[in-house]
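**Q** First the structure, then my questions, so here it is.
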Amino acid sequence: MTLQFLLGGLVSAINIMIHAFVTVGAVGMARSAGLRHTVWPRSHLMAVMVGTAAALMVAHTLEVLVWALAYAVVGAAPEGSDLLYFAFVNYTTLGYGDITPVQAWRLTGPMTAMNGILMFGWSTAVLFEVLRKTLEHLASIAPAGSDFSSEDRGH
């Protein structure tokens, strides 16, 4: 059991580092894109949000790959299992259906799920903050009476 916790903690720490790296990059890109003046504020806002969400999805995919690699190294899934699928099922908290872990590594599933929930919550907070900051910036540069002006939003 201790080995399972150590593995789960190590993989979770690696994934937290991946997520931090991608978050810093995504926020930096969103910040610089959000500071640009634009003639199409709605399209601009959509582009910033789509770019941020895409970067975060790449992070989640990398994190699932790290879990799949860990499963392969320790033999956490039955022989011949699709480890990427198994990792995605655990990480997204979808739940078991057709693949279950081997008895000796059964705690890796819940640890993967715990890591996934944390990373999805983090991503949600990042998306909300990027949206808030981009809207705030668009309101500051928008002409009075436009969709994004601060007057119309009660600021």
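**Q** Between residue 131 and residue 17, what's the calculated FRET efficiency when r is the beta-carbon distance and R0 is 22 Å? Round to 0.05.
**A** Between residue 131 and residue 17 the formula returns 0.30.
**Q** What relative contact order, as a whole-number percentage, does the chain give when Cα pairs under 8 Å and 6 or more residues apart are counted?
**A** Result for the chain is 28 percent.
**Q** Return one number: the angle in degrees, 0 to 90 and rounded to the nearest 10, between the long axis of the Cα atoms of helix 108-141 and the longest principal axis of the Cα atoms of the chain.
**A** It works out to around 10 degrees.
**Q** Are there any trypsin sites (Lys or Arg not before Pro) in the range 22-86 that are in a DSSP loop and have at most 10 other Cβ atoms within 10 Å? List them by number.
**A** 36
**Q** Tell me the carbon and sulfur percent of the accessible area for the range 1-110, rounded to whole percent, probe radius 1.4 Å.
**A** Summing carbon and sulfur atoms, their accessible area is 73 percent of the total for the range 1-110.
The values are calculated or read from the model by the stated rules, or taken from the named source; none is laboratory data. None of the values given here were measured: they were computed from a predicted structure. So basically every Cβ, Gly included, is an ideal-geometry build from the backbone, and we count neighbours across all protein chains shown. Each accessible area value is taken on the protein alone, full model and side chains, heavy atoms only, with ligands, DNA and RNA left out. Shrake-Rupley method; radii C 1.70, N 1.55, O 1.52, S 1.80 Å.
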